[in-house]
Every structure is written in structure tokens, then in C-alpha cells.
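Reading through the C-alpha cells given below for one structure.
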Amino acid sequence: MSNPAFQRMANVDGLITPAEEAKISIFDRGFLYGDSVYEVFRTYSGVGLFFEEHFDRLENSARLIHMPMTQSRDELVEEIRRTIRATGLSASAQDTPSGQDVYVRYHITRGAGPVDLNPDPQLKTSYVILAKEVPTWKAEYYSHGMRLAIPQVRRNPIGALNPNIKGGNYLNNILALHEAVELGADDCAILNREGLVTEASNSNLFFVIGGQLVTPGDGAGNLRGITKTAIRKACDTNGLKVEEKDLHVSELPKATECFVTSATREVMPVVSLRLEDGKILEFPAGGGEITRQTAKYYHQYVEQYVQEHADFKLV
Ligand code: PDD
């Protein structure tokens, strides 16, 4: 049961308010141009999952868009803590639908300045932190699975806007998702211009092909998911090999299982995939054996991480 004391909170450059009351400048380049980077993580038993890895990826995204960050990592960590504390969440209570846990999204924008594409090098980066309840996905996405469709929209080429930048402009993903939803699906499986599989709108894709767990490599153009990396390690520990490679759409009819991964979805089974010609590939409802094994290994890995980082509670 959610506790009425819990309140979604936001922190804009140090000013913490209820999330609905938070304000940013209309001159902020994140708003004007999507000139920003961000991360999303969630806590488990109050511990920020893969906290360091998210900061590493944030800093890499900032580097890839040539945006030196004004705020230090320590400062942002402290601000994240303050924001979570302001939600009223307490380590002992079952305050949110997911217990004592919280979803945290933090954006760093290039800052507010003149309406001019060319950024003033004197600009100071701004930050926005949002702490809210962990999203509850439809139960049927886990019990049955998500339905995906391949849209005509292609993933941004690496040489244009590298999908490995977790930036504040998600229009490519939104257009792909919109098309998939119009086709009656829940999410998309986006191809690149060479017909290689990249990722879903905000999660990574895995398939089982010929009994082997396969996920598209970085070369196709996708975000290097932190969940995906953890899954590789978790599977490795359990002797289940994960192959990262280019995966052409023509290979998909051989797939026997499919699932997506992200910080908030964890391991979510896919029950069907619509190809561009309208043909629908079907996968076991609720996830096949390898999908279910992977989910189990991932949950064990998370449990171990939480135990090992018990002294780093954010709540
Ligand atoms: N999305 N690909 C894209 C395009 C993403 O936006 C995400 C994450 C992922 C999976 O990354 P990770 O395993 O590190 O969560 C892949 C987050 C959850 C979001 O924007 O809400």
C-alpha cells in the first residue's frame, strides 16, 4: 500500500519542491534543443542499483556531446540523497507500491543561455533530479509478455546521433514507438539502416536463436544498457553464454524466445514480434525457459549487489 506521506519530489539546481511545482527556464538548452544527458536508476531495499555505473555512463554521454559538467559527482550524489529524503520515504516503511524503493531520474542540461545553437562556453550546466515511485508495468507484460513491432523508422546512425549517448532528445525513439503502437503493439524493435536489430524504445533486446542467447552488439547503434551488462555477468556466473553480435532482421524468424531489459523493466518477456511485412513471430507466453532462467539469474545478481552495497543506502 502506498503511504500518503510519500511525495514525488524534484530538485532543480538545488531547489527541492514537490515534482509538480518544479520549474525550469524556457532558455534552458535541454528544453530548447534536447541539449542534455540523463540517467534513470531505481533503488532496491534503499540501495541505488548500479549507482556508479550510471554515473560513469552519464559522464560518458556528457563527454560524447562535448559538455563539461559544472557539478561534481559528489555534489550530484548529495543532491540525489537530499531529493530522495524529501519524498518522506523511510528505510523502515513500505512507503511506495514497491516497498521502500524509489525511481530516480537525473538530467544535466548544458544550461540556460541565449537562443543560439552554438553554446556559450561560459554556460554552467543545470541539473534536474526527479524522485518518484518505481513504475508499475502492466502485470500482463510479465505474465504474458509484450508485443513488439518493427517500425519503418530507423535508429539514428552512430555517425549522426550516437544512440550510446543517453541524451535528452528521444524523438527517434518516440517516432518508432508511435508507429509500433499504431500497428497494435506495445513497443518497437528498431532496425538500423542496414537492417540490423538495435533496441526497443527504451530498453535493450535479447533473443534466443538456435538455443543461444544473443543480443545486438554496440556496432548496430544502441544504448549500452547497464541492465544488459549486468545480465551478461549474471549469466556468465551461471554458465549461460550471452553472445553480442550483429543481428540482421532476416535471422529473427529463427528466434524461439525474446525479451527486453532495462533498469525499470528488469527482464520483461516478449510474446510476439511483428515484422515489417505484417508477419507475426510468436514466443512462449510468460517467457521461454532461457528467458525465465535469465530473469532468475538477474534477480540473484541484484540481490547480491544490494547485500554488498548495504552500507550505501540512499533512503
Ligand atoms: N531507459 N536503450 C534505451 C534507448 C534506453 O533509454 C534504456 C534505458 C535502455 C536500457 O538501459 P538500462 O539497462 O541502463 O536501463 C536501452 C531508461 C530506463 C529510461 O529512459 O527510462
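The values are calculated or read from the model by the stated rules, or taken from the named source; none is laboratory data. Model, not experiment: these values are computed from the prediction. Positions of Cβ are backbone-derived with ideal geometry, glycine not excepted, and every protein chain shown enters the neighbour counts. Heavy atoms of the whole protein, side chains included, go into the accessibility calculation; ligands, DNA and RNA do not. Shrake-Rupley method; radii C 1.70, N 1.55, O 1.52, S 1.80 Å.
Side notes on the structure shown:
- For region 149-176, the residues whose amide N sits under 19 Å from a probe point set 7 Å from the Cα of E194 along the beta carbon direction are 153-165.
- Evaluating kT/(6 pi eta Rh) at 25 °C and 0.890 mPa s, with the Kirkwood radius of region 192-268 over Cα pairs in the Stokes-Einstein relation, gives 196 µm² s⁻¹.
- Comparing mean-square fluctuations of E251, E199, E243 from a GNM of the chain with C-alpha springs under 10 Å, the top value falls on E251.
- Once you divide the Cα radius of gyration of the chain by 2.2 N^0.38 Å, the number left is 1.01.
- Three-way shape call for region 224-315 based on the alpha-carbon gyration tensor, with the a/c threshold at 1.5: prolate
- Cα centroid separation, region 146-191 to region 265-306 (Å): 19 Å
- Net length available on complete extension from L275 to K138 is 47.0 nm, with 0.36 nm assigned per residue and the Cα-Cα distance removed.
- Euclidean distance of C-alpha centroids, region 195-251 and region 29-90, integer Å: 25 Å
- What the Cβ-Cβ distance of Y33 and K245 gives, at R0 = 41 Å and to the nearest 0.05, is a FRET efficiency of 0.75.
- Mean separation of Cα contacts under 8 Å, 6 or more apart, over the residue count of region 9-134: relative contact order %: 37 percent
- Gyration tensor over alpha-carbon atoms, region 139-303, equivalent ellipsoid semi-axes in Å: 22, 18, 15
- Gaussian network model of the chain, Cα within-10 Å springs - most flexible of P151, P163, P114: P114
- Residues A5 and Q122, FRET efficiency given R0 of 45 Å [Cβ-Cβ distance, rounded to 0.05]: 0.60
- Max mean-square fluctuation residue, GNM over the chain, Cα-Cα springs under 10 Å, options H66, H107, H144: H66
- Percent accessible area from carbon and sulfur atoms, the chain, protein chains only, probe 1.4 Å: 52 percent
- Alpha-carbon Debye profile of region 9-134, log10 I(q)/I(0) at 0.11, 0.14, 0.17, 0.19 Å⁻¹: -0.38, -0.60, -0.86, -1.03
- Inter-label distance, nm, simple model (7 Å from Cα along the C-beta direction), L171/D311: 4.8 nm
- With the gyration tensor restricted to C-alpha atoms of region 119-198, the semi-axes of the equivalent ellipsoid amount to 28, 22, 10 Å, longest first.
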